[in-house]
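Below is one structure, written out as C-alpha cells, with a few remarks after it.
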Number of protein chains: 2
Amino acid sequence: MLPLTPVSELDPGVRDALLAAVGANRLLTGAAQREAYAWDNTGRRCVPWAVALPETREQVAGVLRVCHRAGISVVPRGAGTGCVGGGLAVQGGVILSTQRLNRIVSIRPGDRLAVVEPGVVNATLREQLALHGLFWPPDPSSARSCTIGGNLAMCSAGPNAVRYGVTRHWVLGMTVLLADGSSLRVGGYTTKGVVGYDLTQLLIGSEGTLAVVVEAILKLAPLPEARRTLRASFRDMEQAARAVAGVMSRGEPPSALEFLDPAALRLLQEHDGSMVCHPEARALLLAEVEGESDEVDRKAQVLQQRLLAFEPLEAVVAANEAESKSLWSARYALSPALTRIAPRRVNEDVVVPVTRLASLVAGLARIATETAVPIVSFGHAGNGNIHVNLLTDPGDPAQAPRVARALDRVFELVLQLEGTLSGEHGVGLMKRDYIDRELEPSSLKIQKKIKELFDPSGLLNPGKIFP
Amino acid sequence: MLPLTPVSELDPGVRDALLAAVGANRLLTGAAQREAYAWDNTGRRCVPWAVALPETREQVAGVLRVCHRAGISVVPRGAGTGCVGGGLAVQGGVILSTQRLNRIVSIRPGDRLAVVEPGVVNATLREQLALHGLFWPPDPSSARSCTIGGNLAMCSAGPNAVRYGVTRHWVLGMTVLLADGSSLRVGGYTTKGVVGYDLTQLLIGSEGTLAVVVEAILKLAPLPEARRTLRASFRDMEQAARAVAGVMSRGEPPSALEFLDPAALRLLQEHDGSMVCHPEARALLLAEVEGESDEVDRKAQVLQQRLLAFEPLEAVVAANEAESKSLWSARYALSPALTRIAPRRVNEDVVVPVTRLASLVAGLARIATETAVPIVSFGHAGNGNIHVNLLTDPGDPAQAPRVARALDRVFELVLQLEGTLSGEHGVGLMKRDYIDRELEPSSLKIQKKIKELFDPSGLLNPGKIFP
C-alpha cells in the first residue's frame, strides 16, 4: 500500500480538483465544518482534511478519481452513528459523506424490492415502505438517523435479526464505485442468482474498505399487521439466560428477544421510575411477537406460556400500545443513559451461541468483580448478541490498565464460548487490534489480499479492520 | 495458472502417493469404477484419472497435497446430481468424492444449528432434524440423493426459497481446505458476526473452485407443524404470471409457489392421468402454505381468496395429505419425464423479477415458435426462477444451430427483463461461455483474481465458471 503523507491541510491543487468534481457548496474545508465530521459514537476525534458531499454517483466517482490520483485516503461516511470508528478519518484525507445521495429510486411491491441511494435514512425508508405494506428488516437502534449505506457497510442489524436474519440477507444487489472511481455492479434484481462469486455478500460488512456503495437493491418483507410486547422478570441472570435458550430451541422465533442485566435495570429505575418490572427482578427479558391481527394475541399467549415454564417472577403481555412503547423506550434509553454516566465507556457487542449465554453472563460478573470495572450488559439475547458496557474511561491512565485487562478477559471468555467479538458494530478502529484473536492467520492473510485486490493503493478507509 | 498436462492415466508415483494419503479401498483407479464418476445430470461424460473417497478431513488434505505437488487438478464432487457439469473432471485429474465424509457431527436445538460433513445427504439430515422439530430449509428436487456439500457449492435452493431465502442464508460457518491442503475456518457458531470480510458467503456458490468444504455449521429453522397444498388452474400463462406477482406483492409469502406451463401440463396428463387439474387449464400454479396446525387452514383460505381475485378456472385447497402428495409427485415427475423424451435436453434455470414473469412467458412462447425448438417451462414462480427446457439434442448437428439460436434469445430476453442466467443450478461447464453476457468485464476481472488468490495454481475444479 502507498504510504499516506500525514499533512494537516489539503493541497490547494487537490482542493480545486475536488471542487471541480463536486461543485461549490458540496465541499467543506473550513475548520468548523470539518469538525462536524470528526466524531462518531466512539467519542474519538479525527479531523478530516475536507468533506465532500456529492449528490450524484458521477460526483462520487469524481471525488474518488481526484483522491486516487493524489494518493489521498477517502473515508465513506453515512450519519456518523457507528460504534467502532468506521467513519473516522484516522489518517486524515477526505470524508466522502453519502448524506446527499438520499433518493429512494423506486419501490416495487410486486418484486418485493426497493432501489435506494446509500444516504437514505433507515427510518425514512421504513415510513415509505409502510405505505406499501412492506418493510426492510434491519433495525439498528440508531434507525432514526443512521443510513442504509452505513447499515450495509457494517452489516448492522438490530433486535429483529432473531426472526429475520441480518442485513446481508436483505440485499439483492448493489452498484459500487472502486477506489479509482470505476463502477462495478454486483448481484441484481432477483431473489435467487448464482452466476459467479457473490461479490454482493463480500462487500456487505466490508466497512467501506473495498468500495463505495452508490445504489443498493434491497429485498423487502411484508409488514406485520400487529405486534405484542411481553416482559418477563427473573430472579437472576442465569435463569433468564436459560429461558432464552429454551424459547429458541423450538417453534417460531419471536421478532425480538432482548435482555437487561441487574445493573441495566437499576439504571432504568433511576432514570425513569415508570419502568414497570417486578420489584425483585434481577434480570428482564423483553420479547415481541408479530403476525396478523387475529393471531397475534394467541402467539403472545404461546410465548408467555413458554416463558412461564422457566419460572420467572412474572411474565406479562403488555396490555396496550402505550405499555409496549414504554417498555421499548426504556430499552432504547439505556445506551444514552450509559453515555451520560460514562461518556468514554467501552461498548462491546459480543455474540455467543444462545445456549452459552448463561456461561457468558456468569463470566462477565466474575470479570467485573475481579477487575473492579463496572459492567452493564443488555442486548439481543435471541441471537446471543450482548452489548457489554465497561463503565470506565480508557483514556484515564489510572483506569486504562484495568479496562485493558477486563476487555482482554471478556474477549477470551467469548472466544472460549464459541463466540465472536462483534455481532453488528463491526471492527473499524476499535477492534482491529483484537481480530487476530478470533481469525486465524490464514484467514487474515486472505482478507488482506482481498483488500489489496479491490484497493491496491490502500486509499479506501485506511487503518480499519486489520491489525 | 499452471498448464495441466492432458495425460489419460495417473502417473504411478502419484497413484502410490494418493493411496498412502487415503488408504486402500479409498482410491478407485479401475476403468469401470472411474466411469461411475464420469457423469452427472448434464449427460456429459468426462472420465477422471482416479477417484478418491476420503473418510476424514486429514485424508482430504492428503489428496489435495499430493495433487498440488504433482500439478494435478482436483474436482470436488457430492452425489453427482448437478445440472451444469460442476462435478465433472473436464481436464481429467482426480475426483474428490465427499460421499464418505457423511457424519452429522452434532445437532444443537437450543442454538438452532447443526454441524455436518459435506457428504451428508440433504434428506438424511432432514430426517434427523425432524426428530428435534427443526429443519434446514434448502430443498432441491434432488434432496433424496444430493449432498449438503453440493448444496453449498452451488447455492442450490428449491421451492421453499420463496419463503426461506436461499442456501447461503442458512450457513453460519465452515471449515474448508485450500488447494494446497491447508485449512481455513470461516464464520462460526453464531447467527450474527461481523469480524472481517464474510469469506463464508464468498465460498458458498463458488462451485468447488476456491476450496473444499470439510465441515459446515448450518443454521436451522423450526419445522412447521402443518402444511396445505393449493392448486389454481388458469386459462393462459400470462394470467397465471399476473397472479404470482399479485400474491407476492403483499402479505406473508407462501412456502412454495410453483408453476407449470401448457406443455408441462400436457406431459403430465400423458405421464399420469391422475394429475387432477381443470380440463381447460393452460397453466397451473401449485402453492403451499405452512404454519401451526390450528392456523394452517385459515392461511390456505386466505391464499385461495387471493388467487381467486385473479379469476382462475379454479383455485382448490387439497382435501387431504394424499391429494397434496399427488400434486407434488406430479410436479417432481416433470424433470425425469422430460429426460425420457429428450435425454439431451437443455435445462436452464433462469430468473426474472416476478413482475416480469408474464413478459418472460410470452417471450419464451415467441422464441419456441420462431426457432422451432419445443420449450417446456415450469418452476419456482414465487422467486421468478423458471426451469426452461429446450427439448432438443444439442449434440445433433441438425438441431445444434437452432438450439444455439433459441438459447441465445432466451438469455437475451432474461437479461432484458433484469434477470439472471441461473437461480440455483450454477454456471459450471454449461454456462461458462455465457456469463460475460450477464457480468461486466470489471466483475469478471475481480472474480478471476479472487480465484487466483485462493488457488494460484488453478488446480481446483478447473474449466468451470469462467469463459
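Below, the figures for the structure above:
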{"quantity": "Restricting the stretch A:455-466 to residues that are open to solvent by less than 10 Å² (accessible area, probe 1.4 Å) and in contact with a helix residue (DSSP H, G or I) (Cβ under 8 Å, 6 or more places away or on another chain), the residue that is nearest to the other protein chains (Cβ to nearest Cβ)", "calculated": "A:465"}
{"quantity": "Residue check, residue A:314 over 29 Å from the mean Cα position of the chain (by Cα), open to solvent by less than 70 Å² (accessible area, probe 1.4 Å) and over 20 Å from residue A:225 (Cβ atoms)", "calculated": "yes"}
{"quantity": "Qualifying residue in the stretch B:344-353 (condition: of a type in the set (A, V, I, L, M) and either part of a helix (DSSP H, G or I) or surrounded by fewer than 18 Cβ atoms within 10 Å (Cβ to Cβ) (or both))", "calculated": "no"}
{"quantity": "Criterion violated by residue B:356 - all others in (1) more than 14 Å from chain A (Cβ to nearest Cβ); (2) farther than 21 Å from residue B:288 by Cβ; (3) open to solvent by 30 Å² or more (accessible area, probe 1.4 Å) satisfied", "calculated": "(1)"}
{"quantity": "Test: residue in the stretch A:271-286 that is assigned to a helix (DSSP H, G or I), open to solvent by 20 Å² or more (accessible area, probe 1.4 Å) and either closer than 20 Å to residue A:165 by Cα or outside the structural domain of residue A:85 (by TED's automatic domain parsing) (or both)", "calculated": "yes"}
{"quantity": "Any hit, the stretch B:390-407, residues being of a type in the set (S, T, N, Q), touching a helix residue (DSSP H, G or I) at 6+ places or on another chain (Cβ under 9 Å) and more than 11 Å from every other protein chain (Cβ to nearest Cβ)", "calculated": "yes"}
{"quantity": "Residue match in the stretch A:389-404 (condition: within 25 Å of residue A:152 (Cα to Cα) and outside the structural domain of residue A:159 (by TED's automatic domain parsing))", "calculated": "yes"}
{"quantity": "Some residue of the stretch B:245-260 being in contact with a helix residue (DSSP H, G or I) (Cβ under 6 Å, 6 or more places away or on another chain), free of Cβ contacts under 8 Å to residues at least 60 places away in the same chain and hydrophobic (A, V, I, L, M, F, W, C)", "calculated": "no"}
{"quantity": "Given (1) closer than 13 Å to residue A:38 by Cα; (2) in contact with a Lys or Arg (Cβ under 7 Å, 6 or more places away or on another chain); (3) part of a loop (DSSP other than H, G, I, E, B), number of the condition residue A:55 does not satisfy", "calculated": "(1)"}
{"quantity": "Residue check, residue B:61 small (Gly, Ala, Ser), surrounded by 17 or more Cβ atoms within 10 Å (Cβ to Cβ) and assigned to a helix (DSSP H, G or I)", "calculated": "yes"}
{"quantity": "The lone exception for residue A:299 - which of (1) within 14 Å of chain B (Cβ to nearest Cβ); (2) touching a Lys or Arg at 6+ places or on another chain (Cβ under 6 Å) it fails", "calculated": "(2)"}
{"quantity": "Selection from the stretch A:212-231 of residues that are more than 10 Å from chain B (Cβ to nearest Cβ) and over 30 Å from residue A:323 (Cα atoms)", "calculated": "A:212, A:213, A:214, A:215, A:216, A:218"}
{"quantity": "Number of positions in the stretch B:165-193 that are more than 10 Å from every other protein chain (Cβ to nearest Cβ) and in contact with a Pro (Cβ under 7 Å, 6 or more places away or on another chain)", "calculated": "0"}
{"quantity": "Selection within the stretch A:408-420 - acidic (Asp, Glu) and either more than 10 Å from every other protein chain (Cβ to nearest Cβ) or under 28 Å from residue A:150 (Cβ atoms) (or both)", "calculated": "A:408, A:412"}
{"quantity": "Wholly enclosed helices (runs of 4 or more DSSP H) of the stretch B:112-231 bearing at least 1 residues open to solvent by 10 Å² or more (accessible area, probe 1.4 Å) and farther than 27 Å from residue B:88 by Cα", "calculated": "B:122-130, B:161-164"}
{"quantity": "The stretch A:394-406, subset in contact with a strand residue (DSSP E or B) (Cβ under 9 Å, 6 or more places away or on another chain) and touching a residue at least 40 places away in the same chain (Cβ under 8 Å), residue surrounded by the fewest Cβ atoms within 10 Å (Cβ to Cβ)", "calculated": "A:394"}
{"quantity": "Number of positions in the stretch A:421-453 that are at the interface with chain B (Cβ under 7 Å from one of its Cβ atoms) and open to solvent by less than 10 Å² (accessible area, probe 1.4 Å)", "calculated": "9"}
{"quantity": "In the stretch B:287-296, the residues that are under 20 Å from residue A:251 (Cα atoms) and within 31 Å of the chain's Cα centre (by Cα)", "calculated": "B:288, B:289, B:290, B:291, B:292, B:293, B:296"}
{"quantity": "Every residue from the stretch A:232-256 that is more than 10 Å from chain B (Cβ to nearest Cβ) and surrounded by fewer than 21 Cβ atoms within 10 Å (Cβ to Cβ)", "calculated": "A:235, A:236, A:238, A:239"}
{"quantity": "Test: residue in the stretch A:92-101 that is buried (at least 21 other Cβ atoms within 10 Å of the Cβ), in a loop (DSSP other than H, G, I, E, B) and out of contact with any Gly (no Cβ under 9 Å at 6 or more places or on another chain)", "calculated": "yes"}
{"quantity": "Selection status of residue B:409, without any contact (Cβ under 8 Å) to a residue 60 or more places away in the chain, open to solvent by 10 Å² or more (accessible area, probe 1.4 Å), farther than 25 Å from residue A:188 by Cα and more than 22 Å from the chain's Cα centre (by Cα)", "calculated": "no"}
{"quantity": "Where residue A:331 falls short, out of the listed (1) more than 14 Å from chain B (Cβ to nearest Cβ); (2) over 22 Å from residue A:427 (Cβ atoms); (3) open to solvent by 50 Å² or more (accessible area, probe 1.4 Å)", "calculated": "(3)"}
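Per-residue answers, yes or no, for (1) free of Cβ contacts under 8 Å to residues at least 24 places away in the same chain; (2) polar (S, T, N, Q); (3) farther than 24 Å from residue A:172 by Cβ:
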position	(1), (2), (3)
A:86	no, no, no
A:95	no, no, yes
A:117	no, no, no
A:124	yes, yes, no
A:130	no, no, no
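The values are calculated or read from the model by the stated rules, or taken from the named source; none is laboratory data. Remember, predicted model here, so these are calculated numbers, not experimental data. Counting neighbours? That spans all protein chains shown, and the Cβs are built from the backbone with ideal geometry, glycine included. Keep in mind that these areas ignore ligands, DNA and RNA; they rest on the heavy atoms of the full protein, side chains included. Shrake-Rupley method; radii C 1.70, N 1.55, O 1.52, S 1.80 Å.
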